[in-house]
Amino acid sequence: MQSLRDKLYMPIYAGKRSAASPVKITIIGAGSVGMATAFSLLTKGIPTELVIVDLDVDKVEAEVGDLQNARQFLPKVAIYGGSNYKLSSNSNIAIICAGVERRDNENQLSHVQRSVDALKTVIPHLVENSPKCIIIVLIKPVDVLAYVSWRISGFPKNRVLGLGTLLDSSKFCNAISKKLGISADAVSGYLLGEQGEKAVPIWSSVTCAGLKLRTIYPEIGTSDDKEGYNKIPQELIENERAINKGKGANAWAIGLATSVICQALLSDANCVFPLSIHAKGLQGVDKDIFFSLPCIVNTNGVRGIMIQQLDDDEKEKLFVSAKKMEELLQSIEW
């Protein structure tokens, strides 16, 4: 007979890896997301060494110099950077923030293909210099490019992950809490599957202070939802578009979310986050893809997933999302 623990989660990796000390983290890309991530890591005192690698030497040296000037106001940390990937040698965590901008009127496949071509250069350098690191992918489309990074690296699937729907889920819970007039800390819920506008809200498991909202208000999130909770996902999409139009990316939010992942990866807290991982064989997924599921995270990377009790509509939406993701991945030229 299965124990409650066995019913709750599906293991991915059962090995044991001790917490790293000292901690070296490398960020690839000195753009707005890379620097927001660097700032978040530094102010939380997470790394003892922080490296920023970017091909734009003037840019990365200026950013590193700016951070070094604040060393007196930060926990003890060595900060350096440049264009040479050898600087990243023996990193515990490597964070990929250097993306390829989508051109005007460029279709998705063309943009993805250019991103894949760029990763074919980046990932081998990381593997060569830090063969034991955990890779976190932040660039979009994150599910596709996390899969590409995993495939190029040859790393085990527990050691490559994408930011996934962690930030989306946080915004989802925050929006629900505002509508309820309750602290966001009391609300728990997920957007799963493909990150971004096609993420699937899992209304069936949203709780507030331990109470499942659908048992109290069965219409929540459905077309019969007269209180308007079903409008929240579209409102979040419009918010994301407005931020992207105004400043290019949710850089600060992404940086802070990534710092929380890093904290979990460097401890044995076994935190649960919705992250983009290799999903084949998990939660009924039969496609060779990455997308977001609730992951148990510790020093091994992704230890396993929390198994979700989805309703039929949620299962169907995730199935459709997985199929489209697979079709896109099969169109890539390797």
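The values are calculated or read from the model by the stated rules, or taken from the named source; none is laboratory data. Keep in mind that what you see is a predicted model, and the values were worked out from it rather than measured. Glycine also receives a Cβ, built like all others from the backbone with ideal geometry; neighbour counts cover every protein chain displayed.
Structure above, values below:
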{"quantity": "Within region 195-220, considering residues that are touching a residue at least 24 places away in the same chain (Cβ under 8 Å) and in a strand (DSSP E or B), the one farthest from Asn250 (Cα to Cα)", "calculated": "Cys208"}
{"quantity": "Exclusive hit being farther than 14 Å from Ile27 by Cα, assigned by TED's automatic domain parsing to the domain that holds Leu265 and under 18 Å from the mean Cα position of the chain (by Cα), set Ser153, Ser183, Ser115, Ser170", "calculated": "Ser170"}
{"quantity": "Pairs with Cβ under 6 Å, 6+ apart, first in region 101-127 and surrounded by 14 or more Cβ atoms within 10 Å (Cβ to Cβ) and polar (S, T, N, Q), second at pLDDT 95 or above and assigned to a helix (DSSP H, G or I)", "calculated": "Ser115/Leu145"}
{"quantity": "Residue tally, condition touching a Phe, Trp or Tyr at 6+ places or on another chain (Cβ under 6 Å) and assigned to a helix (DSSP H, G or I), over region 130-183", "calculated": "6"}
{"quantity": "Residue count for region 186-224, restricted to those that are surrounded by 14 or more Cβ atoms within 10 Å (Cβ to Cβ), more than 21 Å from the chain's Cα centre (by Cα) and among the aliphatic types (A, V, I, L, M)", "calculated": "3"}
{"quantity": "Selected residue [farther than 27 Å from Val160 by Cβ and modelled with pLDDT under 95] from Lys212, Lys245", "calculated": "Lys245"}
{"quantity": "Hey, Val53 closer than 10 Å to Gly82 by Cα, β-branched (Val, Ile, Thr) and surrounded by fewer than 23 Cβ atoms within 10 Å (Cβ to Cβ) or not", "calculated": "no"}
{"quantity": "Residue match in region 250-264 (condition: modelled with pLDDT under 95 and closer than 30 Å to Lys44 by Cα)", "calculated": "yes"}
{"quantity": "Condition check for Thr48: touching a Gly at 6+ places or on another chain (Cβ under 7 Å) and buried (at least 16 other Cβ atoms within 10 Å of the Cβ)", "calculated": "no"}
{"quantity": "From the options Ser292, Ser276, Ser267, residue that is polar (S, T, N, Q) and surrounded by fewer than 18 Cβ atoms within 10 Å (Cβ to Cβ)", "calculated": "Ser267"}
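Here is a yes/no grid of residues against (1) assigned by TED's automatic domain parsing to the domain that holds Trp252; (2) among the hydrophobic types (A, V, I, L, M, F, W, C); (3) surrounded by fewer than 16 Cβ atoms within 10 Å (Cβ to Cβ):
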| site | (1), (2), (3) |
| --- | --- |
| Val57 | no, yes, yes |
| Asp66 | no, no, yes |
| Asn69 | no, no, yes |
| Gln72 | no, no, yes |
| Gly81 | no, no, no |
